1. Let me check against my output: what whole-number percent is the relative contact order of region 312-373, with C-alpha pairs under 8 Å and at least 6 apart?
2. Based on Cα positions only, what radius of gyration and what Dmax would you give for region 294-353, in angstroms?
3. Want the number for residue 117 to residue 318: 0.36 nm per residue separation, take away the alpha-carbon distance, what's left?
4. For residue 173 and residue 442, what does the FRET efficiency come to when R0 = 45 Å and r is the distance between their Cβ atoms, rounded to the nearest 0.05?
5. Subtracting the Cα-Cα distance from 0.36 nm times the residue separation, let me have the gained length for residue 94 to residue 394 in nm, one decimal.
6. Within region 331-451, what whole-number % of the accessible surface is contributed by carbon and sulfur, with the 1.4 Å probe and all protein chains included in the calculation?
7. Sort out for me the Cα centre separation of region 386-431 from region 318-353, rounded to whole Å.
8. Regarding region 297-430, what are the three Cα extents along the principal axes, ordered largest first, in Å?
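The values are calculated or read from the model by the stated rules, or taken from the named source; none is laboratory data. Quick caveat: nothing in here was measured; it's all calculated off a predicted structure. Note that we place each Cβ from the backbone using ideal geometry, even for glycine, and neighbour counts take in every protein chain shown. Remember, those area values only see protein heavy atoms, side chains included, never the ligands or the DNA or RNA. Shrake-Rupley method; radii C 1.70, N 1.55, O 1.52, S 1.80 Å.
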Amino acid sequence: MKKLYSIAGLIMLFALLSRFFGFLRELLISFYFGTTLFADMFYIVSSIPLVFYTGYSLAFSNAFIPNYHKSKEKKTTFYSSMLLMFILSLIVSMILTFFPMQILSIMAPGISLGDILEYKVAVRIVALQIFFIGFNGVINAFFNAEEKYFLPSLMNMIFSFAVAIVIFIFNDSSINHIFIGITIIYIIQFVAQLVIVFPLIKKKLLGISKLSLSIAWNQFKDSLIIFSSISLSQINYFVDRALASTLFIGALSSVNYVHKLNGFLIGIFGLIISNLIYPYISRSININDKGKKTNSKIDKFVYGLLLVVVPTMIGLSLQSENVVKFLFGYGEFNTSDLKNVSNAFSIIILGTGFYVLKDLYNYILFAFSKHRLVFFTSLLSVGTNVALNFILIKSYALNGLMFSTLASYCVAVLLNLIIIGKENIEFLSIRNHVYIFILMLIIISFILLRG
């Protein structure tokens, strides 16, 4: 356990620095552009490659790790995965290149075609990023499968800092210049990863190897199911932004600031789960009869994680106005923006504990190849969010979107607990996790009623 906590601590440090540098981007955008149409469209365009990374690239990585551990031909698995990622990246890139206006219209239905016309070139610039995001995802998965946990976090930290520098330099230029700069950073990151990974490839993967269509096809099927589950979770975010665009100019970027603030915390703990716990569980399944000897370690680790998460989310919720004012209260970010963002943030941050548990349960099910069950829970969770969005936005505006997201996290956790119990997966003490769920629900209800 000490080793697990020490590795988690180092990953958290890298993740914290990466999130901090990534958050510089949000601070610079809020300072220079506030909640203007430019800010709205910047976040729309920049979210396209982000969706590919957090969507398919991450799903591909999640499918790769257990397949890599199970495979007797690791060389074939790796190179077949690289080929598959190239083909998929090419398809996505072509869609972005030929249909930029259609994509922007879907992502921001409340903004007129005349306003989004000037941003179609930016979408085509972003299309080039897809290739490097995809390859970076495969290489990061290989690092994690080989227990090189720190390299992906280190690369993400450097990348985030570089993006902030690009925005600072080109803040008075067109949006196209900003995205060209970010694309160059993606290319540099990819080249750097190749240099770093080459000694490991030379040691583990050099030699005669054949590309296998069957391995690539199985990898595609597994990652597609995972992608469907992850994409459903991302739909929460996109529905929030699409509906926000119908409220008023700047509502979309306000929602983005809220989600970025919330993502700062959940991203750190999410990296610990995906970069450390998931490979650990996957490896344990293949070592000691489905990991029966590791269940107590996982439980203890989760308890320790929640002892950090829960007090942090309570403190941030109660001090949301001061937090938002300290971070964003400068430049073009006015008093109305402060009120909208801080009120919404105080609600959604309370879902952090549920989000962490949801992530953990999903990865446990992924490790046991229960991809379809994760898809099922994600579908019901998103359905809850979308249904409540249309109901609550009428009375609570932006806050209604946050209440809906919070409710969807609760539904996902409850469904996953039921499924893990029925599947007899012995990585968790179901009873203790039910107690944790009820306790967090009581805490959140008390804070919301108090507010």
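1. With pairs under 8 Å counted, the relative contact order is 37 percent.
2. 15.7, 51
3. 68.2 nm
4. The calculated FRET efficiency here is 0.35.
5. So the extension gain works out to 104.2 nm.
6. The C+S portion of the solvent-accessible surface of region 331-451 is 62 percent.
7. Taking the Cα centre of each part, region 386-431 and region 318-353 sit 23 Å apart.
8. Sorted from largest, the Cα extents of region 297-430 read 52, 34, 20 Å.
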